[in-house]
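Down below is the structure, laid out as structure tokens.
Derivation of every value follows stated rules applied to the coordinates shown; laboratory data play no part. Just so it is clear, the structure is predicted and the values come from calculations on it, not from any experiment. FYI the Cβ positions are ideal-geometry reconstructions off the backbone, even for glycines, and counts take in every protein chain you see.
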Amino acid sequence: MNLFRILDVSGSALLAERERAEIVTSNMANAETTHSSEGGPYKRMHVVFGAHSMPQQGFSATLASFSDMHTEGVKVDRVVEDGAAAIRRFEPGHPDADADGYVSYPAINPVEEMVNLMGAARSYQLNASAVQSTKNMIQASIDILKS
């Protein structure tokens, strides 16, 4: 694997983790949303990652065809709704209350969402560090070639 390919893989991971953080913050922001455009409470969303094949060109494509090893990045494969049932609270004065006085709230645990956000942030930091380390290795290689 060449160093520029590593940058591609880390770059794809940075994009995927950014989208994961956006979904988690959307979940946190809508934790008390009782009425959505679909009708009913907001549904918690999850990010599903998948492998992203990166196109190879020229000599590197030919060389990769002789090897079983190939490099793939990461992508957000899909965003899916959580299947958990809504949490019902007795609030008869609420505008979204049903005939029995219960309001349906999203099944979102702020602590769990915060842990997910910290995980996304940490993964983002690690991939940013990998990009920086790769850049340093490329620069060191250039310096070696100069001397």
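When you scan the range 115-129, do you find a residue that is farther than 16 Å from residue 20 by Cα and not in a strand (DSSP E or B), even just one?
The answer is yes; a qualifying residue exists.
Considering only residues of the range 101-113 that are touching a strand residue (DSSP E or B) at 6+ places or on another chain (Cβ under 8 Å) and assigned to a loop (DSSP other than H, G, I, E, B), which is surrounded by the fewest Cβ atoms within 10 Å (Cβ to Cβ)?
Looking only at the range 101-113, we keep the residues that are touching a strand residue (DSSP E or B) at 6+ places or on another chain (Cβ under 8 Å), and these are 101-107.
If we keep only those that are assigned to a loop (DSSP other than H, G, I, E, B) as well, we get 101, 106-107.
Numbers: 101: 13, 106: 21, 107: 16.
That would be 101.
Can we say residue 116 is in contact with a helix residue (DSSP H, G or I) (Cβ under 6 Å, 6 or more places away or on another chain) and not charged (D, E, K, R)?
Considered against the rule, which asks whether it is in contact with a helix residue (DSSP H, G or I) (Cβ under 6 Å, 6 or more places away or on another chain) and not charged (D, E, K, R), residue 116 comes out as yes.
For residue 131, work out the one condition from (1) touching a strand residue (DSSP E or B) at 6+ places or on another chain (Cβ under 9 Å); (2) touching a residue at least 24 places away in the same chain (Cβ under 8 Å) it doesn't fulfil.
Failing condition for residue 131: (1).
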